[in-house]
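K.L.:
Have a look at the structure that comes next, please.
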Amino acid sequence: ETGVTQSPTHLIKTRGQQVTLRCSSQSGHNTVSWYQQALGQGPQFIFQYYREEENGRGNFPPRFSGLQFPNYSSELNVNALELDDSALYLCASSLGGSSTGELFFGEGSRLTVL
Amino acid sequence: GDSVTQMEGPVTLSEEAFLTINCTYTATGYPSLFWYVQYPGEGLQLLLKATKADDKGSNKGFEATYRKETTSFHLEKGSVQVSDSAVYFCALSDQGYQKVTFGTGTKLQVIP
């Protein structure tokens, strides 16, 4: 069973640039969620994708957008980067319709905005 | 909206000491409750869960009981080990499982 993988693991951008983060979900999982974890804080929900459709969104501006592909992998795009976007971005997969609500996380992509 | 409050760390304990990490929550309806753990250099992973009132989740010697009357889900372990050193997150999920709300995390350091 392949776990959740994310790329890149680290990246540095400058303010105003755009970034794309990628995630491959765990085998058999059809739902992907993205979280932002600032240093010393808990993860904050950005949005969730289920069967290629956005299925819930947290309190993040529209410059945070995403995609889910037919193989259930996903991308997180952030436009017009701001210094406060510096954080660890976590992807989590799950089985939609599961009664447990358990998430399986990747190790994250650490974004630094200068 | 939903929220989770957990005790601030860091918590430093000697090996074989008793551990309690307090967690309380605010939510509408009947959320599921979780403890996730983040070991150094690793991703978040589920430690234990409880899906309804009075359920007890347990794993690796850790336990937590879903207390609806006190809206709490405190994490306990009778005898901690150095290998338990990690950051522990209390969390809840809404009934639709679209969103998991996390606490700020409690760092535990266990010294020999």
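K.L.:
Output yes when any residue across region A:44-55 is exposed (fewer than 14 other Cβ atoms within 10 Å of the Cβ), modelled with pLDDT under 95 and closer than 19 Å to B:L92 by Cα, and no when none is.
P.N.:
No: zero hits.
K.L.:
Under 9 Å between Cβ atoms, which residue pairs at least 6 apart in sequence (or on different chains) link something in region B:32-46 that is more than 7 Å from every other protein chain (Cβ to nearest Cβ) with a partner that is part of a strand (DSSP E or B) and among the basic types (K, R)?
P.N.:
Close Cβ pairs (under 9 Å, with a partner that is part of a strand (DSSP E or B) and among the basic types (K, R)) amount to B:L33/B:K49; B:F34/B:K49; B:W35/B:K49.
K.L.:
Okay, next question. Among the residues of region A:59-79, which ones are small (G, A, S) and closer than 18 Å to A:G96 by Cβ? Working first, answer last.
P.N.:
Going through region A:59-79, the residues small (G, A, S) turn out to be A:65-66, A:73-74.
Across region A:59-79, the qualifying residues are A:G66, A:S73, A:S74.
K.L.:
Identify the residue in region B:47-85 that is basic (K, R) and farther than 25 Å from A:S33 by Cα and, among all such residues, is surrounded by the fewest Cβ atoms within 10 Å (Cβ to Cβ). Walk me through it before giving the result.
P.N.:
Of the residues in region B:47-85, the ones basic (K, R) are B:49, B:52, B:56, B:60, B:67-68, B:77.
In the following step, the residues that additionally are farther than 25 Å from A:S33 by Cα were identified as B:56, B:60, B:67-68, B:77.
Details: B:K56: 10, B:K60: 12, B:R67: 15, B:K68: 13, B:K77: 20.
Within region B:47-85, the match that is surrounded by the fewest Cβ atoms within 10 Å (Cβ to Cβ) is B:K56.
K.L.:
Let me ask something else. Could you list, in sequence order, the residues of region A:7-47 that are within 22 Å of B:Y88 (Cα to Cα), polar (S, T, N, Q) and in a strand (DSSP E or B)?
P.N.:
A:S33, A:Q36, A:Q37, A:Q44 - these are the residues of region A:7-47 that are within 22 Å of B:Y88 (Cα to Cα), polar (S, T, N, Q) and in a strand (DSSP E or B).
Conditions tested, residue by residue: (1) within 24 Å of A:A92 (Cβ to Cβ); (2) in a strand (DSSP E or B).
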| residue | (1), (2) |
| --- | --- |
| B:V4 | yes, yes |
| B:T12 | no, yes |
| B:L47 | yes, yes |
| B:K52 | yes, no |
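K.L.:
Hey, another quick one. Taking region A:88-98, which residues are more than 10 Å from every other protein chain (Cβ to nearest Cβ) and at positive phi?
P.N.:
none
K.L.:
I'd like to know if region A:69-79 contains one or more residues that are among the acidic types (D, E), farther than 30 Å from B:G57 by Cα and free of Cβ contacts under 8 Å to residues at least 60 places away in the same chain.
P.N.:
Residues of region A:69-79 among the acidic types (D, E): A:75.
Retained after the next criterion (residues that are farther than 30 Å from B:G57 by Cα): A:75.
Retained after the next criterion (residues that are free of Cβ contacts under 8 Å to residues at least 60 places away in the same chain): A:75.
Scanning region A:69-79 turns up at least one residue that is among the acidic types (D, E), farther than 30 Å from B:G57 by Cα and free of Cβ contacts under 8 Å to residues at least 60 places away in the same chain.
K.L.:
Do we have any residue at all in region B:49-60 that's within 14 Å of another protein chain (Cβ to nearest Cβ), under 13 Å from the mean Cα position of the chain (by Cα) and of a type in the set (V, I, T)? Give the derivation first.
P.N.:
Going residue by residue through region B:49-60, those that are within 14 Å of another protein chain (Cβ to nearest Cβ) are B:49-52, B:55, B:57, B:59.
Within this subset, residues satisfying the condition of being under 13 Å from the mean Cα position of the chain (by Cα) are B:49-50, B:57, B:59.
Then keep just the ones that are of a type in the set (V, I, T); that gives none.
No.
K.L.:
May I ask you to list the residues in region B:20-36 that are in a loop (DSSP other than H, G, I, E, B), among the small types (G, A, S) and in contact with a strand residue (DSSP E or B) (Cβ under 8 Å, 6 or more places away or on another chain)?
P.N.:
Initially, region B:20-36 is screened for residues in a loop (DSSP other than H, G, I, E, B), giving B:22, B:27-31.
Okay, now just the ones that are also among the small types (G, A, S), so B:27, B:29.
Result: B:A27, single match.
K.L.:
Among the residues of region B:86-112, write down those that are more than 27 Å from A:S33 (Cβ to Cβ) and either of a type in the set (S, T, N, Q) or not in a loop (DSSP other than H, G, I, E, B) (or both).
P.N.:
Going residue by residue through region B:86-112, those that are more than 27 Å from A:S33 (Cβ to Cβ) are B:109-112.
Within region B:86-112, B:Q109, B:V110, B:I111 qualify.
K.L.:
Tell me, which residue of region A:97-114 that is among the aliphatic types (A, V, I, L, M) and crowded, with 16+ Cβ neighbours inside 10 Å is modelled with the lowest pLDDT?
P.N.:
First, pick out the residues of region A:97-114 that are among the aliphatic types (A, V, I, L, M): A:103, A:111, A:113-114.
This time we only want the ones that are crowded, with 16+ Cβ neighbours inside 10 Å, so: A:103, A:111, A:113.
Values: A:L103: 89, A:L111: 98, A:V113: 97.
Within region A:97-114, the match that is modelled with the lowest pLDDT is A:L103.
K.L.:
Take the residues in region A:21-40 that are surrounded by 15 or more Cβ atoms within 10 Å (Cβ to Cβ) and within 20 Å of A:L114 (Cα to Cα), then tell me which one is nearest to the other protein chains (Cβ to nearest Cβ).
P.N.:
Top of the filtered list is A:Q37.
The values are calculated or read from the model by the stated rules, or taken from the named source; none is laboratory data. Keep in mind the model is a prediction, meaning the values are calculated, not measured. Using ideal geometry, Cβ is built from the backbone for each residue, glycine included, and neighbour counts are taken over all protein chains shown.
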